[in-house]
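Okay, so here's the structure we're looking at.
The values are calculated or read from the model by the stated rules, or taken from the named source; none is laboratory data. Please read all numbers here as calculations on a predicted model, not as lab measurements. Virtual Cβ from ideal backbone geometry, glycine too; neighbours counted across all protein chains shown.
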Amino acid sequence: MIGRALAGTVTVIALVGVTAAPAAADTARDRQWYLSDLNIAKAHQITRGDGVIVAVIDTGVDAKHRDLTGAVLSGYNTHHDAWDDKTGRDDPEGHGTNMAGIIAGRGHGSSDGILGIAPAAKILPIRAPINGYGSATFMTEAVDFAIAHHADVINMSFARADDQTMHDAIRKAQAAGIVLVAAAGNRDEPGDYPGAYPEVLTVGAYGQDHQIASFSVTGPQVDLAAPGDRIATTSTGPTGYDIANGTSEASAIVSGTVALVRAKYPNINAAEIVHRLTATADDAGTLGRDDTYGYGRLNILKALTADVTPLPATSMPASAASGAQAAVPGPATAAETDDLPKAGSPLLLALILVGLLLLAGTILVAIMHRRRRLGP
């Protein structure tokens with residue numbers, strides 16, 4: 001999912017998976033077909049994501065872009081190169097800036113430029129080597145920074161091989177009550193993680209025809225599908241724009257939606273936010289949850305307005321688990337019932353006998369007492 005700008009075009013190396021063309025500034029908003037598809041104008045009448053922080057673990061974010069003015073906080077750079085920006089507010093590759101525009105673009109002028117899903121949210125940029133090779137130790141630093149700076153959601157638009165260090169970091173973020181959103185990945189990627197971890201809300205991509213994109217990875221890890229084909233967004237430089245394709249873009253749209261839901265419902269925990277998104281999704285593909293669309297296509301307006309039955313209390317631990325796989329209570333397991341006496345067992349029969357003897361003794365005492373009171 002790493003985008004790299006070369007001679008006016010963007011060659012997408014990781015999850016985007018295809019070549020994206022630059023979009024002219026005066027047509028960028030017109031090319032955001034997904035805004036009308038998601039009823040974003042009505043959603044913004046309810047909330048624009050005020051007060052929510054979205055950490056973007058990616059290639060950095062170009063804070064100088066005019067459509068991101070005021071949206072990008074001082075972040076962190078896990079590269080630790082002496083000549084690099086230390087705050088994550090620079091993006092030599094462009095991919096992180098793509099994601100930031102989708103999540104929290106503010107446009108410019110009256111109605112020009114890129115409008116994000118949550119334009120009042122703040123982006124916490126965390127620059128990291130997100131490509132699918134090498135160690136994922138950067139995730140420890142990235143998550144620690146996100147937690148310390150009060151991120152409400154972490155967007156991870158990349159796919160790598162499984163890595164225990166990365167999974168440990170994901171669990172730490174979950175325990176801190178942060179909603180974790182990741183791309184499902186594009187085909188022929190080096191791995192499906194972090195999207196394949198159960199703690200993560202994993203997003204596939206569909207196109208303008210509402211059909212799942214040919215590049216979108218499917219499987220049991222997929223929780224939702226969101227727009228991910230021909231997505232207009234910000235690129236590097238003050239006036240740069242791209243049209244990109246991939247589950248990266250779909251993940252960013254869902255992260256923006258999490259920001260809207262968090263702003264609308266500030267008192268619900270991370271597990272409830274995920275539940276609200278999956279419970280209000282528009283069913284697609286096979287009836288019910290399936291490995292292509294997950295629980296369905298994202299429906300932002302329903303996520304903000306629907307009357308959603310809360311999760312059972314036992315499925316919401318103090319850690320406020322963020323994954324869509326939040327535990328739902330089921331029948332007692334064998335381990336939970338082994339200590340109970342089973343029907344027909346000697347222990348159960350003995351207990352019944354003792355109970356009968358106690359009852360008989362009580363009745364006998366009562367009769368004798370009554371006779372003494374009445375007397376001859």
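Out of segment 89-116, which residues are in a helix (DSSP H, G or I) and farther than 22 Å from residue 243 by Cβ?
Within segment 89-116, no residue meets the criteria.
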Taking the conditions exactly as written (modelled with pLDDT of 95 or more and either over 30 Å from residue 299 (Cβ atoms) or part of a helix (DSSP H, G or I) (or both)), does residue 86 satisfy them or not?
no
Return yes or no: is residue 69 out of contact with any Phe, Trp or Tyr (no Cβ under 7 Å at 6 or more places or on another chain), surrounded by fewer than 24 Cβ atoms within 10 Å (Cβ to Cβ), of a type outside the set (A, V, I, L, M) and farther than 20 Å from residue 254 by Cα?
yes
Please determine whether any residue of segment 127-145 is touching a residue at least 24 places away in the same chain (Cβ under 8 Å) and closer than 30 Å to residue 45 by Cα.
no
Of 18, 54, which residue is under 19 Å from residue 240 (Cβ atoms) and either crowded, with 24+ Cβ neighbours inside 10 Å or modelled with pLDDT under 80 (or both)?
18
